[in-house]
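What follows is a short report on a single structure.
The values are calculated or read from the model by the stated rules, or taken from the named source; none is laboratory data. Everything numeric in this text was worked out from a predicted model, so none of it was measured. In this analysis, Cβ positions are derived from the backbone assuming ideal geometry, glycine residues included, and neighbour counts consider all displayed protein chains.
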Amino acid sequence: MDRAGRITLPRVGPVAVAGAQAQALDGLLRARLERVFKGFELSAAVTDVMPVRVHLSGFVERPGDYVVPGLSTISSALAQAQGPAAGGSYRRIQLLRQGAPAISFDLYDILRDGNRRNDQLLQPDDVLNVLPAGPQVAVLGSVNRVAVFEFLPGETVADALALAGGFSSVADTATVLVERLRERAGLGAVALAMPQDSRTPLADGDLLRVRSQAAAAVASQWKNKRVLVEGEVRQPGEYLLPASATLADAIAAAGGASPSAFLFGATLRRESVRITQEQNYDRALREMELALTRNASSRSGSGSNDERAADTEASIRQTIARLRSSRPEGRMLLDVGPQAQALPAIALEDGDQLVLPAANQSVGVFGSVYNTGSFSHDSGRSLGHYIQRAGGPTAGADYGAAFVVRANGSVLSAAQGGFWSRSRDFETLPALPGDTVFVPEDLFRGTWVQGAKDWTQILYQLGVGLAALRTIR
């Protein structure tokens, strides 16, 4: 065969055979010979195949010109160039042939299904161009092949699951969790009912998670923990950590704390803590409402018409209504000091959220003072100094029930027994960076909750948080 892909036969002339399959060569030659000869015998065989020079370009591991054996295909040439590079596409490979439109080739056809139907034979001067990787989806959990896959426009959740080899034998086939990249910061996962929602279109960066029925039977202490680490760490994000991991392991997974991290103010939010806080918080509010109702009934039965008491009850009802709009945060108190360089070795729970704030060099004073706000922290100053900077307590303040919330979440109150039993002792407490002082109003003087003067402190310890208390005057 000459360079033009032709065989020259006597009295017949050149016959084009380039691209013909070997088993079809007999028929091709016989058709031409029968135009000239009759009653002849014919046997044709391929004894040697000329090599083919092709060029590989784009996102391929080793681009350049290659001389490949004759009858080489797209996949064999890619293998010789060590395949697509890290940023290259496995599904968008172009075969560029002079004088012909570009042909698209999907390497997944071979890798996934073993289908070589579109794996075309190469011709001299062909160009294989590997395009950059397209949109991708990660499939995790109880599937047969956990990996990140490239997908084509129009492909769905069902296609992604097929790429992952389908559900494993212990998978929960009724639900697939989908986390969208644009919603990842909020940790929102959409539960898709299968198979009804299997045709949901994929979006670039999607994370599909298939839960295991077997894992549900494993005790929680043996399960890996998914933990969110935010704030002053080198690589904030969500991490899957071993069952025995602690707070220190979570910080290490996030690249360690940054130099500006304020460990004394670290916040650990935990779902199990939040549930308990909500139950206790609702119970406390119900008890306040019940006591208020009893007091109103008692005054009505005695014929009392104390306008001051009625006004107080109205004010308390408004306060309870505002408190109901706030919910516990699930913050867990950490036993750390102001100069802490490490967090305590507390075991993690699944879904924990750890936030390391930047150093807070302020002291806040809120509640029943003349000028609420935050003030720059000065070393050596007392709480009384900042209360006076806020104008001091108002005439209606219950100064004996004032309390301070430290940056680590701990609480010290002027109403506590022992050394802190008096307001002047409370004022002498050293102020620490990140302190928040709260002075409640004396709503309860001479009323039904005379013994509950530190109600705001109680509600804070039930998890309502400072943001809610700052709205109460």
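Within segment 297-307, can one find any residue that is assigned to a helix (DSSP H, G or I), modelled with pLDDT under 75 and surrounded by 15 or more Cβ atoms within 10 Å (Cβ to Cβ)? First the steps, then the outcome.
First pass over segment 297-307, keeping only residues assigned to a helix (DSSP H, G or I): 297-302, 307.
Now narrow it down to the ones that are modelled with pLDDT under 75: 297-302, 307.
Those still in the list that are surrounded by 15 or more Cβ atoms within 10 Å (Cβ to Cβ) too: 299.
The answer is yes; a qualifying residue exists.
Could you check, for segment 376-390, whether at least one of its residues is of a type in the set (A, V, I, L, M, F, W, C), assigned to a loop (DSSP other than H, G, I, E, B) and modelled with pLDDT of 90 or more? Yes, that holds for at least one residue.
Which ranges mark the helices (runs of 4 or more DSSP H) fully within segment 58-167 that have 2 or more residues being farther than 17 Å from Gly205 by Cβ, out of contact with any Asp or Glu (no Cβ under 7 Å at 6 or more places or on another chain) and among the aliphatic types (A, V, I, L, M)? Explain how you work it out, then say what you get.
Numbers: elements: 74-80, 108-113, 157-163.
By residue number, 74-80, 157-163.
For segment 1-57, the tally of residues that are in contact (Cβ under 8 Å) with a residue 60 or more places away in the chain and part of a strand (DSSP E or B) stands at 6. Would segment 251-267 turn up any residue that is buried (at least 20 other Cβ atoms within 10 Å of the Cβ), part of a helix (DSSP H, G or I), of a type outside the set (A, V, I, L, M, F, W, C) and touching a residue at least 60 places away in the same chain (Cβ under 8 Å)? For segment 251-267, residues buried (at least 20 other Cβ atoms within 10 Å of the Cβ), part of a helix (DSSP H, G or I), of a type outside the set (A, V, I, L, M, F, W, C) and touching a residue at least 60 places away in the same chain (Cβ under 8 Å): present.
Residue by residue, here is whether (1) more than 30 Å from Gln353 (Cα to Cα); (2) modelled with pLDDT under 70; (3) of a type in the set (A, V, I, L, M); (4) assigned to a loop (DSSP other than H, G, I, E, B) holds:
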{"site": "Ala310", "(1), (2), (3), (4)": "yes, yes, yes, no"}
{"site": "Ser315", "(1), (2), (3), (4)": "yes, yes, no, no"}
{"site": "Ile320", "(1), (2), (3), (4)": "no, no, yes, no"}
{"site": "Ala340", "(1), (2), (3), (4)": "no, no, yes, yes"}
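Look at segment 203-223 and say how many of its residues are at pLDDT 80 or above and either of a type in the set (Asp, Glu) or outside the structural domain of Ala174 (by TED's automatic domain parsing) (or both). The number of residues fulfilling the criteria is 2. Just so you know, in segment 6-44 the residues that are in contact with an Asp or Glu (Cβ under 9 Å, 6 or more places away or on another chain) and of a type outside the set (S, T, N, Q) include one that is modelled with the highest pLDDT, and it is Pro14. Being within 29 Å of Glu278 (Cβ to Cβ), at pLDDT below 90 and not hydrophobic (A, V, I, L, M, F, W, C) is a condition met by at least one residue of segment 416-426.
Determine whether Leu96 is under 22 Å from Val17 (Cα atoms), modelled with pLDDT under 95 and surrounded by fewer than 19 Cβ atoms within 10 Å (Cβ to Cβ).
Details: under 22 Å from Val17 (Cα atoms): yes; modelled with pLDDT under 95: no; surrounded by fewer than 19 Cβ atoms within 10 Å (Cβ to Cβ): yes.
Spelling it out, it is not the case that Leu96 is under 22 Å from Val17 (Cα atoms), modelled with pLDDT under 95 and surrounded by fewer than 19 Cβ atoms within 10 Å (Cβ to Cβ).
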